[in-house]
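Please read the structure below before turning to the comments.
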Amino acid sequence: MSRHGVHRLPRSGRPRRKALALGVIGASVVAGIVATMMPLLAADDLAIQPVADTTATRVPQDGDNAVKSTLATCPARCDGNNRGTRDAVIRFAVTTLPATAVNVRATLRVHSWRTFTATVTAHGSPVDAAAARPAPVAPSPAVDTVTGVRSGFNEWDVSRLVTGNGSVTVSLAQTGLETRIYWASAENRDPELRPRLLITYDLGGRPAPTPSTARPAPPTPSAAPSTPAKPSPTVSPSRPAPRPTPSASTGAGRCGEVSPELVPSCGAWWGMYSPTSAADGWDHGQAVAEVEEQVGRKFDIVHRYHDFSNAGSNGAFPDTYQREQMRDGRLMFFAWESRIFSTGKVLTWADVYGGRYDATIDAVAGRIRDAGGPVFLGFDHEPEDEPEKGSDAEFVRAWRYVHDRFAAAGADNAVWVWTMMGWSGHYDRYAGLYPGDRYVDWVAYDPYNFHVCNGSKVWKSPSDTIGNFYRWLDEHGIGAGKPRMLAEFGTNFDAADPGAKRRWFEEFPAALKAHPKIKAAIYFNSPGMTTTTPTCNMTMNHDAAALAGFTRAGQDGYLRQPTRGSR
């Protein structure tokens, strides 16, 4: 969240209640694993450099384009030349993809030095990328399109072109701007700017464990979302190994194992924050169940915000609703804020690491330890928007202090999620806000397509919405190798285009596939995050079209993990 015209309105003293889901994986469900299962190994990834590239052109003045440090794209009428078409052509050799690779995802990344209002489409190409000045050819069907070139790396999902080891040639064709765009080539003197083909995959075919040796798995899913029942007695905490194995059925998008840090081996978790109120009796379980009923599935993750009161559902978490959701197979994400919701009191990070709230920290650590399974935990999400709490260095010190007290309490089932706004206005601060790899399990951020909600007229596609901070993290190496999460995301509607929000949701899974390091996405379904007006409503179910689009997104195989939460 932000108070800089980029996120939400200023906070009030009222508690921000966010839904949260936590998966408890019990050993009692091992018997549900069948011997015919084919679990997948953890995903691997490849970063492949080009073996050749060139600019395809009919312009006589163009020379040996196969050895230039730049590639060019331009439409048929280019800089006044009706025959000035230029296509960038890049060839890769895929040689190390295992024969057992499944769920292969390939992303082409090419660097531009400037922003352009152009559309650039990726196609499979028969053009010889090693030729000095080949002629452009009629394009094959489009593979993926970027609408609006950004300064920095641009990405296309070219998974359809990678069917195994062999040569892959991609051409980039431009429309919508009648002047040349230059891209970094394989000969660019800066190796970091050269094109890359990023490939991720899962390994299949390993014999399944027998029921006597299999890791604990979630219970067999129910056919439809259920309304939360009255909390059943808390089970004895055994802290089983947090590595569920897949269900017996197979198919596209169905993932295999889950790491101890709750990273699915393929695809991504699908999550929800759904608010409630005094009028609803603060029934956080029902708030989530109602949305699940609307979309016809359960969420993998339920997200809620908590405070340092150590009392009531705000501070004494997990509460009865969350325990019930955990028993029903969902993952919990506890976003823990150093403030007191009921009074609006803001705590300082210096007081946190100074020991003033040790009793609260230890009590929460004890409850997390006893929860019986792994949980997502974040301390003070979006700290860049909390100047009253202290400096960036004090935030880091407080984070490490809380983390270390959890470790001392034996709460090693806490999976630590570092959540930033991801706003470009704070790019210069993020290195100083990062607690360090030893203290962070996931890197998260909160991207939104606000459209007119924040006074802008820009409509951002899903890829534009999530892509900027993703690329910045790649370029600056913060949290390198860590899984990424959209701890909050959302979109407004477009009053001039009633179908825009539905299409935005329908396009969202493809955007995730093009950004494969994102392993979880949680929708922030609150009408109160911005001022709700005739042109601003960020909820996913504010009309039937938006709900239909969100429902369709949640049915995508990439977002349907074979655990109880999403079946």
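Brief remarks follow.
- Here GLY467 clears all of (1) under 26 Å from VAL149 (Cα atoms); (2) out of contact with any Asp or Glu (no Cβ under 9 Å at 6 or more places or on another chain) except the condition numbered (2).
- Residues that are closer than 26 Å to SER342 by Cα and crowded, with 24+ Cβ neighbours inside 10 Å were ranked within region 268-284; the one that is modelled with the lowest pLDDT is HIS284.
- Subset of region 68-100 (residues that are of a type in the set (A, V, I, L, M), surrounded by fewer than 19 Cβ atoms within 10 Å (Cβ to Cβ) and within 33 Å of the chain's Cα centre (by Cα)): ALA93, ALA99
- Region 520-545, subset surrounded by fewer than 24 Cβ atoms within 10 Å (Cβ to Cβ) and of a type in the set (Gly, Ala, Ser), residue nearest to HIS284 (Cα to Cα): SER526
- Region 120-143, subset crowded, with 18+ Cβ neighbours inside 10 Å and not β-branched (Val, Ile, Thr), residue farthest from VAL51 (Cα to Cα): PRO136
- Set ALA311, ALA371, ALA363, ALA350: member being closer than 23 Å to VAL288 by Cα, of a type outside the set (Val, Ile, Thr) and touching a residue at least 12 places away in the same chain (Cβ under 8 Å): ALA371
- Within region 517-567, if we keep just the residues that are more than 24 Å from LEU331 (Cα to Cα), assigned to a loop (DSSP other than H, G, I, E, B) and hydroxyl-bearing (Ser, Thr, Tyr), the residue that is modelled with the highest pLDDT turns out to be THR535.
- For region 161-198, residues that are of a type in the set (S, T, N, Q), over 17 Å from PRO141 (Cβ atoms) and not in a strand (DSSP E or B) total 4.
Yes or no, residue by residue, for (1) part of a loop (DSSP other than H, G, I, E, B); (2) in the same structural domain as ALA411 (by TED's automatic domain parsing); (3) of a type in the set (A, V, I, L, M); (4) under 22 Å from ARG560 (Cβ atoms):
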residue: LEU262; (1), (2), (3), (4): yes, yes, yes, yes
residue: ALA287; (1), (2), (3), (4): no, yes, yes, no
residue: GLU290; (1), (2), (3), (4): no, yes, no, yes
residue: VAL302; (1), (2), (3), (4): no, yes, yes, yes
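- THR117 vs. criteria in contact with a strand residue (DSSP E or B) (Cβ under 8 Å, 6 or more places away or on another chain), surrounded by fewer than 24 Cβ atoms within 10 Å (Cβ to Cβ), in contact (Cβ under 8 Å) with a residue 40 or more places away in the chain and outside any strand (DSSP E or B): no
- Lone qualifier among THR551, THR532 - being free of Cβ contacts under 8 Å to residues at least 24 places away in the same chain and over 17 Å from the mean Cα position of the chain (by Cα): THR532
- Residues of region 394-425 that are among the small types (Gly, Ala, Ser), touching a helix residue (DSSP H, G or I) at 6+ places or on another chain (Cβ under 7 Å) and within 23 Å of LEU473 (Cβ to Cβ): ALA398, ALA414, GLY422, SER424.
- First in region 461-472 and in the same structural domain as SER151 (by TED's automatic domain parsing) and buried (at least 20 other Cβ atoms within 10 Å of the Cβ), second anywhere and in a helix (DSSP H, G or I) and not basic (Lys, Arg), Cβ under 7 Å, 6 or more apart: none
- Screening VAL458 against (1) closer than 24 Å to THR539 by Cα; (2) assigned to a helix (DSSP H, G or I); (3) at pLDDT below 95; (4) not basic (Lys, Arg) leaves a single unmet condition, (2).
- Restricting attention to region 143-183, the residues that are over 25 Å from the mean Cα position of the chain (by Cα), farther than 20 Å from THR200 by Cα and hydrophobic (A, V, I, L, M, F, W, C) total 5.
- Flag for SER171 being among the polar types (S, T, N, Q) and either modelled with pLDDT of 95 or more or out of contact with any Ser or Thr (no Cβ under 9 Å at 6 or more places or on another chain) (or both): yes
- Residue that is nearest to the chain's Cα centre (by Cα) [pool: residues in region 273-285 that are more than 16 Å from PHE524 (Cβ to Cβ) and in a helix (DSSP H, G or I)]: GLY285
Condition check ((1) out of contact with any Pro (no Cβ under 9 Å at 6 or more places or on another chain); (2) modelled with pLDDT of 95 or more; (3) closer than 21 Å to TYR470 by Cα) across all residues:
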site: LYS68; (1), (2), (3): yes, no, no
site: ASN82; (1), (2), (3): yes, no, no
site: THR85; (1), (2), (3): no, no, no
site: VAL102; (1), (2), (3): yes, no, no
site: THR107; (1), (2), (3): no, no, yes
site: VAL110; (1), (2), (3): no, yes, yes
site: ARG114; (1), (2), (3): yes, no, yes
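- Reported count of residues in region 148-199, each being at negative phi, among the small types (Gly, Ala, Ser) and touching a helix residue (DSSP H, G or I) at 6+ places or on another chain (Cβ under 6 Å), is 1.
- Some residue of region 392-410 being in the same structural domain as THR465 (by TED's automatic domain parsing), acidic (Asp, Glu) and buried (at least 16 other Cβ atoms within 10 Å of the Cβ): yes
The values are calculated or read from the model by the stated rules, or taken from the named source; none is laboratory data. As the structure is a prediction and not an experimental result, all values here were calculated from the model. FYI the Cβ positions are ideal-geometry reconstructions off the backbone, even for glycines, and counts take in every protein chain you see.
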